[in-house]
Amino acid sequence: MFDRHRRLRKNQAIRSMVRETILTPDDFIYPIFVVEGENIKKEISSLPNNYHFSIDRLDEIIKEVVDCKVKGIILFGIPEHKDEVGSDAYDDNGIIQKAIRKIKELAPELYVITDVCMCEYTSHGHCGIICGHDVDNDKTLEYLAKIAVSHAKAGADMIAPSDMMDGRIDAIREGLDENEFKDIPIMSYSAKYCSAFYGPFREAADSAPQFGDRKTYQMDPGNIREAMLEIQSDIEEGADIIMVKPALSYLDVIRWAKDRCDMPVAAYSVSGEYAMVKAAAKMGLIDEKRIALEMLLSIKRAGADMIITYYALDAAKWIK
Ligand code: PBG
Ligand code: ZN
């Protein structure tokens with residue numbers, strides 16, 4: 001006697017009844033890159049089929065997102081002007097602040113998350129304030145809180161800090177609370193690894209460090225216990241959602257986070273994950289649609305409650 005597992009795989013009907021994980025457009029968050037200027041919709045060479053949008057052309061992509069029934073976006077800004085302290089990041093007329101106001105006009109119901117970091121705004125490309133040869137943790141916290149408050153003022157629904165400074169959730173929570181934004185949640189990039197998979201994004205966001213690397217603040221890819229410490233700190237400091245990033249090479253971390261914390265877990269399927277599939281598909285080596293959906297499904301199966309992905313719109317259309 002042996003078990004006949006194949007009985008429940010016999011046809012499409014029974015397979016769909018026993019399927020444990022199903023993707024829906026509600027699972028996805030779509031990243032949008034906003035640039036200064038006019039009449040710009042320019043394909044990002046490192047992220048095919050993703051674009052730099054100027055504010056006056058955001059209506060096109062926002063309409064597409066809403067039509068696809070994707071409920072959330074995460075915004076990244078590329079400012080015209082960079083300096084040592086990334087002042088455009090907390091300028092009430094900065095690129096992101098203007099974009100948020102525009103998007104809230106276009107689609108008030110669309111959930112707008114903002115990435116809070118300094119690397120797109122600093123001349124040196126690091127995620128904080130430089131003192132000597134390294135990022136000064138505590139000095140950076142003041143700036144992160146200022147950035148978060150200015151995003152909230154512009155109308156952001158949720159703040160997502162990606163800098164990996166210690167104590168940032170505490171600092172941002174305090175800043176938001178003091179400015180009457182007690183109801184704005186924080187999605188923390190809690191377990192953000194120092195990963196080569198961010199390469200295409202840094203080209204897209206012009207945010208590569210001009211010297212050194214991010215190893216003193218982003219996590220070592222070999223570590224998982226440390227991820228739990230990072231997540232624990234963020235929860236204690238007041239994070240509402242925790243994130244693991246990248247996704248595909250860190251499915252074990254997603255599962256750990258899911259099993260050990262009673263919190264929503266987000267996963268960021270990053271630029272390198274997307275670009276690899278795009279490149280292989282272009283070469284005719286793989287079936288893009290099936291590969292992309294299988295990747296997203298595996299991220300959800302690992303425990304992600306929501307997935308930030310450059311495939312959000314395609315995937316939402318494919319699963320319709
Ligand atoms: C900014 C930031 C990065 C990503 C999201 N926010 C880049 C980095 O840390 O260097 C990566 C996203 C991606 O690769 O898709 N700190
Ligand atoms: Zn950064």
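Some points to look at:
- Gly284 being small (Gly, Ala, Ser), more than 15 Å from the chain's Cα centre (by Cα) and surrounded by fewer than 23 Cβ atoms within 10 Å (Cβ to Cβ): yes
- Of everything in the stretch 81-125 that is within 16 Å of ligand 1 (Cβ to nearest atom), crowded, with 18+ Cβ neighbours inside 10 Å and of a type in the set (S, T, N, Q), the residue that is nearest to Ser150 (Cα to Cα) is Thr114.
- Test for Pro246: is it touching a Ser or Thr at 6+ places or on another chain (Cβ under 7 Å), at pLDDT 95 or above and open to solvent by 60 Å² or more (accessible area, probe 1.4 Å): no
- Applying the criterion of being open to solvent by less than 30 Å² (accessible area, probe 1.4 Å) and among the polar types (S, T, N, Q) to the residues of the stretch 201-219, the residue that is farthest from ligand 2 (Cβ to nearest atom) is Gln218.
- Screening the stretch 155-170 for residues that are part of a strand (DSSP E or B) and within 12 Å of ligand 1 (Cβ to nearest atom) and picking the one that is nearest to the chain's Cα centre (by Cα) gives Ala160.
- Qualifying residue in the stretch 179-200 (condition: part of a helix (DSSP H, G or I), under 17 Å from Thr140 (Cα atoms) and within 14 Å of ligand 2 (Cβ to nearest atom)): no
- Evaluation of Glu294 against (1) closer than 20 Å to Asp26 by Cβ; (2) in contact (Cβ under 8 Å) with a residue 12 or more places away in the chain; (3) open to solvent by 60 Å² or more (accessible area, probe 1.4 Å) (one fails), failing number: (2)
- Some residue of the stretch 53-60 being outside any loop (DSSP other than H, G, I, E, B) and polar (S, T, N, Q): yes
- When we screen Glu80, Glu120, Glu105, Glu142 for residues that are assigned to a loop (DSSP other than H, G, I, E, B) and either away from ligand 2 (no atom under 16 Å from the Cβ) or over 16 Å from Gln210 (Cβ atoms) (or both), the only hit is Glu80.
- The listed residue being closer than 22 Å to Leu58 by Cα, in contact with a strand residue (DSSP E or B) (Cβ under 9 Å, 6 or more places away or on another chain) and away from ligand 2 (no atom under 15 Å from the Cβ), out of Ile113, Ile169: Ile113
The values are calculated or read from the model by the stated rules, or taken from the named source; none is laboratory data. These numbers were taken from a predicted model, which means no experiment stands behind them. Note: ideal-geometry Cβ built from the backbone for every residue, glycine included; neighbour counts use all protein chains shown. In case anyone asks, the SASA skips ligands and DNA or RNA and just uses the protein heavy atoms, side chains included. Shrake-Rupley method; radii C 1.70, N 1.55, O 1.52, S 1.80 Å.
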